[in-house]
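Report on one structure; see the data block that follows.
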Amino acid sequence: QVQLVESGGGLVQAGGSLRLSCSASGRIFSGNAMGWYRQAPGTQRDLVAAVTSGGSTNYADSVKGRFTISRENAKNTVYLQMNSLKPEDTAVYYCNVKEQHRNFWGKGTLVTVSS
């Protein structure tokens, strides 16, 4: 059974920074993509950033230049460094691991950015 555990959310003022972490336990196959999605109240869950096992990254336009995703393959851990945070970044952030035939989600961590 695969479990994803997120940490690092919290309350921060606009312009501040937070770092999210997500550790995956259980049998994770190599060649996966790890990423972060977010969902604000009343909206759909959208991709924030993703990184493949080979290091290729993909970012939402709204976070380019402010957020950086990285991973440690040996630890099955993915990070999201969030800088220059804005109130519109407020959301529940979900960790995701996507394999060829399986898709796993964490329970989410709340990020609140005050103006």
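Here V2 does not qualify as surrounded by 14 or more Cβ atoms within 10 Å (Cβ to Cβ) and more than 19 Å from T77 (Cβ to Cβ).
Is it the case that some residue within region 52-62 is crowded, with 21+ Cβ neighbours inside 10 Å and outside any loop (DSSP other than H, G, I, E, B)? No, region 52-62 has no match at all.
Residues in region 24-44: is at least one in contact with a Leu (Cβ under 7 Å, 6 or more places away or on another chain) and part of a loop (DSSP other than H, G, I, E, B)? No, region 24-44 has no match at all. The set of residues in region 87-104 that are part of a loop (DSSP other than H, G, I, E, B) and surrounded by 15 or more Cβ atoms within 10 Å (Cβ to Cβ) contains only T90. Checked against (1) of a type outside the set (G, A, S); (2) part of a loop (DSSP other than H, G, I, E, B); (3) surrounded by 18 or more Cβ atoms within 10 Å (Cβ to Cβ), V78 passes all but condition (2). Residue count for region 5-38 satisfying the condition of being basic (K, R) and open to solvent by less than 50 Å² (accessible area, probe 1.4 Å): 1.
Under the condition of being free of Cβ contacts under 8 Å to residues at least 60 places away in the same chain, small (G, A, S) and closer than 15 Å to N96 by Cβ, the residues counted in region 26-69 number 5.
The values are calculated or read from the model by the stated rules, or taken from the named source; none is laboratory data. Predicted model only: the values in this text are computed from it and were never measured. So basically every Cβ, Gly included, is an ideal-geometry build from the backbone, and we count neighbours across all protein chains shown. Each accessible area value is taken on the protein alone, full model and side chains, heavy atoms only, with ligands, DNA and RNA left out. Shrake-Rupley method; radii C 1.70, N 1.55, O 1.52, S 1.80 Å.
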